[in-house]
Each structure stands twice: as C-alpha cells, then as structure tokens.
1. Does A:Val25 satisfy the criteria of being modelled with pLDDT under 90 and open to solvent by less than 70 Å² (accessible area, probe 1.4 Å)?
2. Mind listing just one residue for me: the one in the stretch A:105-116 that is open to solvent by less than 10 Å² (accessible area, probe 1.4 Å) and more than 16 Å from A:Pro188 (Cβ to Cβ) and, of those, farthest from the other protein chains (Cβ to nearest Cβ)?
3. When you go through (1) under 12 Å from the mean Cα position of the chain (by Cα); (2) open to solvent by 20 Å² or more (accessible area, probe 1.4 Å); (3) of a type in the set (Gly, Ala, Ser) one by one for A:Ser190, which number turns out not to apply?
4. Just checking, does the stretch B:409-416 include any residue being within 14 Å of chain A (Cβ to nearest Cβ), in a helix (DSSP H, G or I) and either open to solvent by less than 30 Å² (accessible area, probe 1.4 Å) or in contact (Cβ under 8 Å) with a residue 12 or more places away in the chain (or both)?
5. In this structure, does B:Val402 turn out to be part of a helix (DSSP H, G or I), in contact with a strand residue (DSSP E or B) (Cβ under 9 Å, 6 or more places away or on another chain) and in the same structural domain as B:Gly352 (by TED's automatic domain parsing)?
6. Among the listed residues B:Gly17, B:Gly75, B:Gly59, which satisfies the condition of being small (Gly, Ala, Ser), under 30 Å from B:Ala161 (Cα atoms), open to solvent by 60 Å² or more (accessible area, probe 1.4 Å) and under 40 Å from the mean Cα position of the chain (by Cα)?
7. If B:Leu219 passes every condition in (1) surrounded by 15 or more Cβ atoms within 10 Å (Cβ to Cβ); (2) closer than 27 Å to B:Leu67 by Cα but one, which one does it miss?
8. Quick one: how many residues across the stretch B:376-399 are farther than 30 Å from A:Val91 by Cβ and buried (at least 23 other Cβ atoms within 10 Å of the Cβ)?
Amino acid sequence: MKDNLEGRKLVDQMDVKFKARDVQVFYGESQAIKDVNVDILDKTVTAFIGPSGCGKTTFLRCLNRMNDTIPICRVEGDIRLDDEDIYAPEVDPVQLRARVGMVFQKPNPFPKSIYDNIAYGPRIHGLARNKSDLDDIVEDSLRRGALWDEVKDRLGEPGTGLSGGQQQRLCIARAVATAPEVLLMDEPCSALDPIATAQVEELIDELKQNFSVVIVTHSMQQAARVSQKTAFFHLGNLVEYGDTDHIFTNPVDPRTESYITGRIG
Amino acid sequence: MSPLWLLIIILVLAIAGFVLGRARALASVDDHRELHSRPTYYGINVAMLAFVPAALVLGAWMLVQPLVINVMVSGMIPEDSYADAGALSLIMSDVRRVADGLDLAVSAGAMTEAEAGSISTEETDIRARLGEVGVALGSNVEPAVLAAAQRYRHLAKTGRAIMSGVVVLIAGAGFFIAYRQTNGQFRARNRVEAGILWLLIAAATVAVLTTLGIFLSLLFNTIEFFRLYPALDFFTRLEWAPSFSGRGGASALGILPLLWGTFYISLIALLVAVPIGLFSAVYLSEYASATVRAVAKPLLEVLAGIPTIVYGLFALLTVGPLLVSVFGEGGLLGVGWMQGGTAVMTAGLVMGIMLIPFVSSLSDDIINAVPQAMRDGSYGLGATQSETVRKVILPAALPGIVGAILLAASRAIGETMIVVLGAGAAARMSLNPFEAMTTVTAKIVSQLTGDADFASPEALVAFALGMTLFVITLGLNILALYIVRKYREQYE
C-alpha cells in the first residue's frame, strides 16, 4: 500500500480551485507534510480530518502562505490557485491572502468596533468607493455571517464584547467582506458551544454557494455534516481523499477506517 | 558582649534548633510519613522561634537604648551652659565623642578601665590623652561633659549587659518552647507558612513606609517654608531670584519659571524619545529577526545603564558645542539664536536619548503582549506588515504605550544631572529653546548645596520645590498606572 494516494484519480477535473502537487513542508529539520497531492474544488466544502499533529493545519496554512510568517517553515512542491503557482517569486502573499481568506481556531476580533472589524479588509484593499458603499459591504457581510440581526443596533460597540459564537461569526463575516475566492477555516468551532457550532455550520453551508471552503476539523460528525469532500491526513501524509459519503461509509485505506471508527487518533 | 557576637550566638542556637527539632520530629514517629509536616518544617519552626523574637528584641533594644541614655545623661549638663535645644544636642555629641574616645583608649591599652572611670579634668589633660590614641577633640573637655561621658559609658555598658542577658534568654526560651512542642502531630508547616507570610508583609511594609517617610520629611519642611514665605507668591510669581543671607534684601521665589524650564526640557526630551523609542520597539518586535533582536535589544538597553552624570558630560562637552556651531553666532546657519552651549535644546536632546530605552523597552513588552491571533487575523485578510502595525497592533497597544510615555515623562521631570550640566542656571521664561533655562531639580541642588542658613526660606524652598515635583510625578504615575490597568482589562 502506498502512503499517498493519487488525488487526481479520484477527482474529476471540473472547477478545480487549488491544485497541490508533491507538497512538502519542513519546520527546521523535521518534515511536517510529505508528498501531498490534492485538488480542491470550487463551490464545495472540503474537510481536512486526522489526528492531532498530522499536518492538516500546516497544509491549510500553505494555501494562503500564512506559513511565511513562521521563520523556520519551508514549503516545497507546487500549489496552484486557478493554475497560477502561488509560491512563484512574482506572487505577492499579501494579494494572495486577499483572495484566500482565513478564519482561525480561536475567534480573534480586533479590539475595534464591530463596524471597523468588518470594514478593515475592504478599507485596506480599497474595495469601497465611498462611505455608503462601505456601509453596504458591512451590512452584506454581516448578513452573510448570520450576525446582522443581532448586532445591527450596536455596530459601534467593540467586537471583543460579543459572545464567543458571535465573535467567530464576526470573524467569518470579516473574512467574507474582502470578497475572497476561497475561505480557509482552521477548526472554526473548537472554541464554541453546540448552539454556536450549529449556527456556524449552517453558515458554512450557505457560504459554499459563493466560495470554495476548506475546513480543518477534529469532529468527524462535523466533517460528515458540512463537507462534500473529505481528506484524511495521518503523520504528514494525505492518506485518503474523496467524496465525504464515500470516505465515511466505505474507506479504502485501513488507517482511515481505524481513525473513523476510533481505533487511532 | 557586642551585638555581632549576640547575633552569632542566636544564629548558632537557631541552627542547632533546626537540627535538633528535625531529629526530634523524626524520632517521635515510627514512619516519617506519619508526620503532619515534612521533617524540615519542624527544624525551621524551632530555628524560627529561637532566632526571630530574639533578633527583633536585639534590633529594637539597639535603637532605643541610645535614646534612653541620652535623656538620662543630658540631665547632668548644667542648664545655664546651653541656650536652646540645638546647643544641648551639640554638647551631647561632645559627650558621646569623649565617651567613645575613652572606650578607644581603654581598648588600645593607653588607659586602664579604672582610670577611665575615675579620671578627672583637674588632674589630667583629657584632650591630650585622647589625642594620643587618635581621638581629636575640638576644645578642652569641661568637667560636666567628662562626668556625663563617664556616666554615659557606665550606662551603655550596663545596658548592653542587660541586653545580652535578655536576648540570650529570649532565644533560649523560643528554642525550648518550640522544641517541646515538636512531635508528629504538631502542625509545623502551618506555623512556618505563617512566618513566611509575615516576612513578606514586613518587606512590603518597609517599601510603603519608606515612601511615607520621604513624603513626611518633605512635608514638615515644606510647611515650615510656607510659614516664612507666602504660598500664593511661591505658586504664582513669575520671578526666581533668591537673595542669599548676608547680601540682604527679600528673595523672589516663584516656582513658575522653574516649572516652565522643567516642562520645556521634558517636552523636547519626549519629542526625541517617543518617536525613536516607539519606532525601534516596532522594529524590534515586528520586523527584526531573532538574531538581530538578540543583539540589538541588549545594546539598546545599555543606554539605560549609563549614569546620568555621564549623559550630563556628553551634553556639556559634545552636544552643546555642536549645537552652538550650528545655531550660534557665526554658526553654520548664521542665525545666532544660541549664546552658549548650555540650553534647553542641549539638555532636552540628551535627556531624550536617555529616555529612548525606557520608551522602547516598555513599548516592546506591550507590543509583544498583543496576541499573535491579532496579527494572524490581519495577515489573513491580506494586510501588509505596516498596515497590521498601524491599524491593529498600535491601536491595541496604545493604552500601554501611553502609560510607558507617561512613565518616561515622570522620569524626565525628575531628571537632575543632565539639566545641571546641560541646561544652565538661569531661571527664565522664554520660548527660545536655544536659551539657557533651569529646572526645579537643578534649583533644589543649588539651593541646598549653597551656604545659606538651613532655616532660611532660601534653603527651605528646596523642600517646597521637591514636594511640588513629587506631587506632579506622583500624579503622572497614577495616571499611567490607571491607563495601563484599563489596557489589561481589554484582553480578559
């Protein structure tokens, strides 16, 4: 049995957003990701599952070059967004991150007002022509973040004053406001209670109409609920990638089956 | 017995108590797991009870004994030989010096103990005899002073003997009581913990009481000054012209020109220190690689270790002449704004350099305290590094940075040596930063180091100046602490 499957065989070529080939990631001397090949589809929710330390977050952070902010981290291989190499020297990571938004594990609203939190991205990228334009973007983003009705009367209040679930939805709305093409989510519900988790999951389901969503999760139920494609990582290898239904009901690799049934993890 | 020997004795007793107490606790049970506390606690408990009360009594006795003896002996000085309390205290210090001289003579073997007790002014030239052993006296010894000195020696000796007895007794009693208590059920750990608590409380109290003491020592002299000089004049007069006693004439002691100089110099210092310090903090915490940071940060902090008098020399010898060569008469710019090397600008620039590590080090800590999640959030939205710094990190860190700046400001206001050497001595209210001015601190130095009578308003004004500065910097510090504390609440 090979450690890595050939992702391209399992995925048809329609609407591929990210194409990763032979990706290796090193932290100093130790290798965190080995030969990962994967195609991530547009307007689809892709879930990365696997035990802790298997490299799923590391791989996620390769997709918008957030690993650049870690000095000892080195990425090799080929990652293409719409067939453009995102690690090519002429690519500016700042522009890339405007196209590939990210939501983090812990809600991290800026210590600013709710309005300024959402308007942050549009302002630095000059997306709004005037104040009313910006107001529209803020309202639209908050609606898409399923937060508008709760905060529309207090947009001037600090974002840090919201509850945990509201803060995470604020962060999602903030990422949506810059109009990205792909949304990366790193365990977005791990700090949330079940009700807030349900709200965020519902939101992810709506977001897939406009974006490609990649979500890292520890909860297999969550992966099964929200995603159409699932990738199982183990010890830095992409073990299995395919339709979520298929992976959960009929895994090919014995390691996937062991993880899903709770024997490794 | 000398206090040092006493201390050694109770220390030895304490060490013995530690060993014996520990052994007794261990012997009282079959298995040392049955002990209520770890064996060491039993040892510490005995040592503590042997040492602490005895040491406290020793310290208190040594403080009180001279005062008591002073009162007892001063009654022997005839009342017609001194005019007021000040003169009496001068005579009493003579008494102590003669007594010390006699002690020294006895210990050097130049006099027997009996001789020292019975010697009298009629038969011997005390001054010459004491001169032989190296004790210089200002004048011939009066009979009353000699008698007082002999009585002083006698009382001191008796007092010390009683003290030795009492201290050793207390140490022994403490040792004995704690030793008797020691057995497997005794809660030694709780008592030792309580002892540690009191030790910590005592340390904190010393710090607080010292602040209070400094405040009070300023307060009484300040009140004395305002009795001699109207407070309204002091706070509102625009003129500083002390006249020293002897030359006659009333002094003009208005604080405003000095405060103006203080604030002007501090302002220039902050204008230098805040941008440079803040930018270097941003560079060090956000941009610099770990290697650069490891080298640059300690180097920057070396600036904080330079004594301020060295900065003063730098101002006087380098910065002042340099500024004159640019802004002075016939200088590079030919403007002739600057008459001499000492000026507000000279002191302000150098003080600014001194404050850079203050601002940068504090700001660096505060910027580092901004959670990494904030940076990730901003980068994740496609912000550049400088956008992240300007729009997320600095606003998040702002209250803390303001606190750091206020702390630097109170340092600047209290700074003395740089202004003494760099700013000049003329009290003046002018807007020209190239003119010499002076500050509150520099004037405190000059008022107290002159030869003015200590009871005159010209000398006492130093305390009023010090008090004013104390209140201003205290206010600034409280404001800074308030802001910093508010900042902390933001991340809860």
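The values are calculated or read from the model by the stated rules, or taken from the named source; none is laboratory data. As the structure is a computational prediction, the values presented were derived from the model and not from experiment. Note that we place each Cβ from the backbone using ideal geometry, even for glycine, and neighbour counts take in every protein chain shown. To get the accessible areas, we keep the full protein, side chains included, count just its heavy atoms, and leave off ligands, DNA and RNA. Shrake-Rupley method; radii C 1.70, N 1.55, O 1.52, S 1.80 Å.
1. On the way: modelled with pLDDT under 90: no; open to solvent by less than 70 Å² (accessible area, probe 1.4 Å): yes.
Judged against the criteria, A:Val25 is not a match.
2. Let us first name the residues in the stretch A:105-116 that are open to solvent by less than 10 Å² (accessible area, probe 1.4 Å), namely A:108-110, A:114.
Next, from what is left, pick out any that are more than 16 Å from A:Pro188 (Cβ to Cβ): A:110, A:114.
Numbers: A:Phe110: 5, A:Ile114: 14 Å.
Looking at residues that are open to solvent by less than 10 Å² (accessible area, probe 1.4 Å) and more than 16 Å from A:Pro188 (Cβ to Cβ), I get A:Ile114.
3. Tallying (1) under 12 Å from the mean Cα position of the chain (by Cα); (2) open to solvent by 20 Å² or more (accessible area, probe 1.4 Å); (3) of a type in the set (Gly, Ala, Ser), A:Ser190 fails exactly one: (1).
4. We begin by selecting, within the stretch B:409-416, every residue within 14 Å of chain A (Cβ to nearest Cβ); these are none.
No, because not a single residue in the stretch B:409-416 is within 14 Å of chain A (Cβ to nearest Cβ), in a helix (DSSP H, G or I) and either open to solvent by less than 30 Å² (accessible area, probe 1.4 Å) or in contact (Cβ under 8 Å) with a residue 12 or more places away in the chain (or both).
5. Numbers: part of a helix (DSSP H, G or I): yes; in contact with a strand residue (DSSP E or B) (Cβ under 9 Å, 6 or more places away or on another chain): no; in the same structural domain as B:Gly352 (by TED's automatic domain parsing): yes.
No, not satisfied.
6. Numbers: B:Gly17 fails: open to solvent by 60 Å² or more (accessible area, probe 1.4 Å); B:Gly59 fails: open to solvent by 60 Å² or more (accessible area, probe 1.4 Å).
Being small (Gly, Ala, Ser), under 30 Å from B:Ala161 (Cα atoms), open to solvent by 60 Å² or more (accessible area, probe 1.4 Å) and under 40 Å from the mean Cα position of the chain (by Cα) holds for just one of B:Gly17, B:Gly75, B:Gly59, which is B:Gly75.
7. Condition not satisfied by B:Leu219: (1).
8. Pass one, the stretch B:376-399, residues farther than 30 Å from A:Val91 by Cβ: B:397-399.
Those still in the list that are buried (at least 23 other Cβ atoms within 10 Å of the Cβ) too: B:397.
The number of residues fulfilling the criteria is 1.
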